[in-house]
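As structure tokens, the structure follows; a few thoughts come after it.
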Amino acid sequence: MDLNPIWLTLKLAAITTVLLLAIGLPVAWWLSKGRSIFKVILEAIITMPLVLPPSVLGFYLLLAFSPQHGVGHWLQQTFNIQFVFSFQGLVLASVIYSMPFMMGPIKSALQQLPVSLSQASYSLGKSKWQTFTHVLLPNIKPSLLTAIVLTFAHTLGEFGVVLMIGGNIPNVTRVASIAVYDSVEQMDYSTANAYSLILFSITFILVISVFVFNKYRLKSPLE
Amino acid sequence: MIKIDIEKKLKAYQGTQVLKIATQFETGSITKIYGPSGAGKTTFLKIIAGFVQSEKGIITVDGLTWLDTGSKINLPPQKRMAGFVFQDYALFPNMTVQQHLGYASKDTGWIKRLLAIGKLETLTTHKPEYLSGGQQQRLAILRVLAIKPKLLLMDEPFSALDPDMKAELIGELKQVFKELGTTVLIVSHNPQELDGLTTEQLLISH
């Protein structure tokens with residue numbers, strides 16, 4: 001069995017998670033403070049991939065970044081970057097597709113912290129950054145872990161969107177979920193089963209770890 | 001000298017009401033602020049600290065302008081550094097008693113003294129969830145004292161303390177306020193509990 005699709009999937013999930021963590025933390029913090037109409041619209045856009053068919057998102061990304069059209073053409077001409085049918089295209093699609101899984105838990109957790117925590121820190125002379133890193137972030141650890149694992153696990157399971165923008169190029173865009181589909185198409189059920197079992201096991205271990213960790217971190221209000 | 005002249009609309013069940021206060025406090029004075037629930041006592045403290053914005057107002061502290069809506073001057077809470085004891089304590093769940101004080105100040109000698117004042121020396125490694133209500137409230141007071149504030153705003157600071165502990169702590173605080181020259185404003189639903197500590201009083205009513 002070719003293990004490359006598994007490594008490619010893990011690489012894609014790791015890069016997507018790191019990028020989304022870097023983007024998600026400041027954006028979720030900003031979104032958690034106040035509610036302007038602009039923030040509401042942005043939040044709705046970020047949430048769209050949760051309900052949109054992945055093939056629709058993939059189709060529009062394919063159109064947008066195709067070298068024959070606007071943005072894709074400009075990127076190709078100016079920076080010689082091609083997103084369609086490339087690994088960076090998978091990363092871009094995954095970042096957009098998994099964004100609500102990173103943003104949602106972090107934003108909700110930040111909103112649930114009493115505003116007096118930030119105020120207390122500010123009145124001690126601490127900057128917004130110090131308050132974020134020393135007070136807010138340490139107090140949303142369970143949600144942060146949930147966000148990281150959900151993002152990673154969700155990226156592992158992407159299919160429609162990566163197929164649309166990446167296709168099925170071995171060692172480049174052929175991730176595990178596509179390898180499963182490809183094996184089934186070729187009636188090679190044992191290979192499909194092997195890929196599926198590996199994906200199932202990784203996801204199960206990740207999700208169960210979060211649940212066990214959070215069981216000790218979170219207390220029921222009725223306890 | 002602290003001069004305050006503010007105007008803030010408050011949303012209430014009966015409709016909008018206006019919190020309008022023009023007053024001044026001598027440096028080093030300790031003032032109790034009392035009045036009916038919903039009159040705006042906590043909001044008044046929060047406007048001074050910079051947590052809540054007033055529509056109109058001027059606040060000057062020892063000649064320095066903290067707020068002047070006419071000139072669009074509005075110092076952030078970090079620049080004002082008014083010590084604030086919150087009604088809900090606002091302790092940081094991730095920090096121990098020692099870490100709370102260490103976050104506020106690096107002066108180890110001062111921290112040691114504060115721990116003795118609050119009788120929390122044996123609880124330095126405890127996080128807030130393992131402290132009683134009274135211990136949490138004392139920690140909230142010690143945390144703001146750690147920055148040696150020139151202005152201290154206290155919102156129901158003794159509500160969870162038993163009478164003996166309250167009397168002892170008030171005696172210690174009186175001494176600390178005098179040493180630091182701190183001007184103190186204390187909101188209380190029970191003004192009698194502050195007898196012997198405060199020198200001035202301010203009524204905030206509808």
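Any chance the stretch A:112-125 includes a residue that's under 24 Å from A:Pro170 (Cβ atoms) and hydrophobic (A, V, I, L, M, F, W, C)? Within the stretch A:112-125, none of the residues are under 24 Å from A:Pro170 (Cβ atoms) and hydrophobic (A, V, I, L, M, F, W, C). Annotation: of all residues in the stretch A:96-115 being crowded, with 20+ Cβ neighbours inside 10 Å and either free of Cβ contacts under 8 Å to residues at least 12 places away in the same chain or small (Gly, Ala, Ser) (or both), the one that is nearest to the other protein chains (Cβ to nearest Cβ) is A:Ala109.
Looking at A:Tyr181, is it more than 14 Å from every other protein chain (Cβ to nearest Cβ) and part of a helix (DSSP H, G or I)? Criteria met by A:Tyr181. Filtering the stretch A:185-199 to residues that are closer than 16 Å to A:Gly157 by Cβ and either surrounded by 11 or more Cβ atoms within 10 Å (Cβ to Cβ) or modelled with pLDDT under 95 (or both) leaves A:Ala192, A:Tyr195, A:Ser196, A:Ile198, A:Leu199.
Scanning the stretch A:70-95 for residues that are in contact (Cβ under 8 Å) with a residue 24 or more places away in the chain and not in a helix (DSSP H, G or I) gives A:Phe83, A:Val84, A:Phe85, A:Ser86.
Take the conditions among the acidic types (Asp, Glu), over 30 Å from B:Met1 (Cβ atoms) and away from chain A (no Cβ under 14 Å) and apply them to B:Glu172. Does it pass? In short, no. Residues in the stretch A:159-175 that are under 17 Å from the mean Cα position of the chain (by Cα) and over 16 Å from A:Leu62 (Cα atoms): 1 in all. Annotation for the stretch A:138-151: at least one member residue is within 14 Å of another protein chain (Cβ to nearest Cβ), crowded, with 21+ Cβ neighbours inside 10 Å and either in contact (Cβ under 8 Å) with a residue 40 or more places away in the chain or farther than 20 Å from A:Leu50 by Cα (or both). Of the listed requirements (1) modelled with pLDDT of 95 or more; (2) away from chain B (no Cβ under 14 Å), A:Gln130 misses just one: (2).
The values are calculated or read from the model by the stated rules, or taken from the named source; none is laboratory data. Computed from a predicted model, the values in this text were never measured in an experiment. Because the Cβ atoms are built from the backbone with ideal geometry, glycine has one as well, and the counts that use them run over all protein chains shown.
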